[in-house]
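The values are calculated or read from the model by the stated rules, or taken from the named source; none is laboratory data. Quantities reported herein were computed from a predicted structural model and do not represent experimental measurements. All Cβ positions, glycine included, derive from the backbone under ideal geometry; neighbour counts span all protein chains shown.
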Amino acid sequence: MNLRIFTTTLGALAISSAFVIGPSHAAGTADKLKAWDLDKDGTIDLAETGKAAEARFDSLEGDNDGTLDAKEMGPTKVDKATFAKADPDNDGTLDKKEYLNIVETRFRAANPDNDGTIDLAELNSKAGKELMHLLK
């Protein structure tokens, strides 16, 4: 009997934890969307995404040379293949335009309905999270 009560309690605790963790993550994404949504229409378009990306680039660019190397990208790192594709001059750095090209590619991937905007559901998708990783 005690084992049954323990198991039931443990199951209920696990379920309640899932509800606590889930909405909290969604709330964080909603807060980010709200911060980047300059026209307050509940979505972000490419121009709004670009503004957020430019601000992120500027905050990461620590040595004031106008580029990001892999070290400066820090938590915003992209995989080597993506970095190499975005670095056509092969200088081992990304200037702002090259960085924004990655952002635009990820924006398009996160916008499967091609309506030119990303809503909360799209931002919570895998592609949306990859975009968000570049902006925050």
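List of remarks:
Quick grid of which residues meet (1) over 14 Å from the mean Cα position of the chain (by Cα); (2) more than 13 Å from residue 135 (Cα to Cα):
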| site | (1), (2) |
| --- | --- |
| 29 | no, no |
| 33 | no, no |
| 57 | no, no |
| 63 | yes, yes |
| 69 | yes, yes |
| 77 | no, no |
| 110 | no, yes |
| 114 | yes, yes |
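- Looking only at region 118-136, and only at residues there that are in contact with a Gly (Cβ under 9 Å, 6 or more places away or on another chain) and surrounded by fewer than 21 Cβ atoms within 10 Å (Cβ to Cβ), the one that is nearest to residue 31 (Cα to Cα): 120
- Here is the figure for region 92-111: residues that are touching a residue at least 12 places away in the same chain (Cβ under 8 Å) and either loosely packed, with under 11 Cβ neighbours inside 10 Å or more than 21 Å from residue 46 (Cβ to Cβ) (or both) total 2.
- Output for region 47-96, where each listed residue is among the charged types (D, E, K, R) and touching a strand residue (DSSP E or B) at 6+ places or on another chain (Cβ under 7 Å): 61, 87, 95
- Close pairs (6 angstrom Cβ cut-off, 6 or more residues apart or separate chains): under 17 Å from residue 124 (Cα atoms) in region 37-63, among the hydroxyl-bearing types (Ser, Thr, Tyr) anywhere: 43/117; 45/117
- Single residue of 58, 65, 31 found to be part of a loop (DSSP other than H, G, I, E, B) and either closer than 17 Å to residue 117 by Cα or at pLDDT 90 or above (or both): 65
- Among the candidates 33, 38, residue that is surrounded by 19 or more Cβ atoms within 10 Å (Cβ to Cβ) and farther than 17 Å from residue 98 by Cβ: 33
- Residue match in region 74-89 (condition: without any contact (Cβ under 8 Å) to a residue 24 or more places away in the chain, of a type in the set (S, T, N, Q) and loosely packed, with under 10 Cβ neighbours inside 10 Å): no
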